[in-house]
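Since the structure comes first, as C-alpha cells, the remarks are kept for the end.
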Amino acid sequence: METAIQTKWNLDTAHSEIGFKVKHMMISTVTGHFENFNASVVTGTDDFKNADFDFVASVESIRTKNTDRDNHLKSDDFFNAEAYPQMTFKSISFDGDTMIGDLTIRDVTKAIELDVDFNGVAIDPYGQTKAGFEITGTINRKDFGLFWSAVTEAGNVVVSDTIRLSIALQFTKQS
C-alpha cells in the first residue's frame, strides 16, 4: 500500500485578501475586508483536489472605510466580536472548481459552497513555491445570526441579507 505524501502550505498574508460586498440601501455596494486572518492547506496532490483548507479571521479586524460602521459590525447587532472573536472555515471537499466547507460565524456553523479558480503554482524570485487561488461565493448573513435590519423612509432595506465573498489567497509551500 502506498501512502500519499502530504504537503503543507501556509498563507502568504502579504499577497492575500478576504473581502466582501453587500448592498447598502439597495442603491450602492459597500466593500470590506478582514485585516487579520490566517489560512493553511494540506494536500496530497499537485492539483490541490481534495486538499484540506483551514481559515480563521479576527472579527475585530473588519474594515469598511468607515469607523462607525466597523464598530456597528463588531457589535451584538452583527458579529458580536466580544463574544465571538473569530470566524472560521474548514473545507469538506474540493474538486478543483468547487469547495464545500463549514463556515462558522457567531458560533453558528453552516456548510457553504464556493467557486474556486486555482491559478497554479510558481516559484518566486526567492526560490519559494507559491500557489494562488481566487474564491467567490455568496452567503445569507441571517443564516449565521446576523439579523440586524432597518428600512429607510422610502422602504429600502438598509443592509442586504446577501453577502458576496471575494477572496484572493496565495500560499507558500513548506519544506
Length gain on complete extension for the stretch ASN38 to LYS142, per 0.36 nm per residue less the alpha carbon to alpha carbon distance? 35.0 nm
In whole Hz, with x marking every Gly and Pro, tabulate ³J(HN,Hα) for segment 128-142 from phi via Karplus 6.51 cos²θ - 1.76 cosθ + 1.60, θ = phi - 60°. 8, 8, 10, 10, x, 9, 10, 10, 9, x, 10, 9, 9, 4, 5
Order VAL41, VAL157, most accessible first, counting only protein heavy atoms with a 1.4 angstrom probe. VAL157, VAL41
Across the chain, how many lysine pairs separated by 8 or more positions, or lying on different chains, have Cα atoms within less than 25 Å? 28
Go through ILE18, THR172, ASN71 and say which Cα lies farthest out towards the positive end of the charge dipole of the chain; charges sit on Cβ, +1 for Lys and Arg, -1 for Asp and Glu. ASN71
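Roughly how large, in nm² to one decimal, is the mean projection of the convex hull of the alpha-carbon atoms in the chain?
That works out to 11.7 nm², a quarter of the Cα hull's surface.
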Electrostatic dipole magnitude of the chain [Cβ: Lys, Arg +1; Asp, Glu -1; Cα centre; debye, to 20]: 300 debye
ALA14: net charge of surrounding residues, Cβ under 13 Å, Lys/Arg +1, Asp/Glu -1, itself excluded? -3
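Got a number for carbon plus sulfur as a percent of the chain's accessible area, 1.4 Å probe? Don't skip to the answer; put the middle values down first.
Values: 4750 of 10030 Å².
The nonpolar share, carbon plus sulfur, comes to 47 percent.
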Net charge, ILE112 excluded, C-beta distance under 10 Å - Lys, Arg +1, Asp, Glu -1: -2
Which of GLU82, GLU60 is most accessible, then next, and so on - probe 1.4 Å: GLU82, GLU60
Value of [θ]222 nm, deg cm²/dmol, for the chain, DSSP H segments ≥ 4, -39500 (n - 2.57) each, nearest 500: -1000 deg cm²/dmol
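Keeping every protein chain present and rolling a 1.4 Å probe, give me the accessible area per residue for the chain in Å².
57 Å²
The values are calculated or read from the model by the stated rules, or taken from the named source; none is laboratory data. What you are looking at is a predicted structure, and each value in this text was computed from that prediction instead of being measured. Quick reminder, even Gly has a Cβ in these numbers, built from the backbone with ideal geometry, and neighbours come from all protein chains shown. The accessibility values were calculated without ligands, DNA or RNA, using every heavy atom of the protein model including side chains. Shrake-Rupley method; radii C 1.70, N 1.55, O 1.52, S 1.80 Å.
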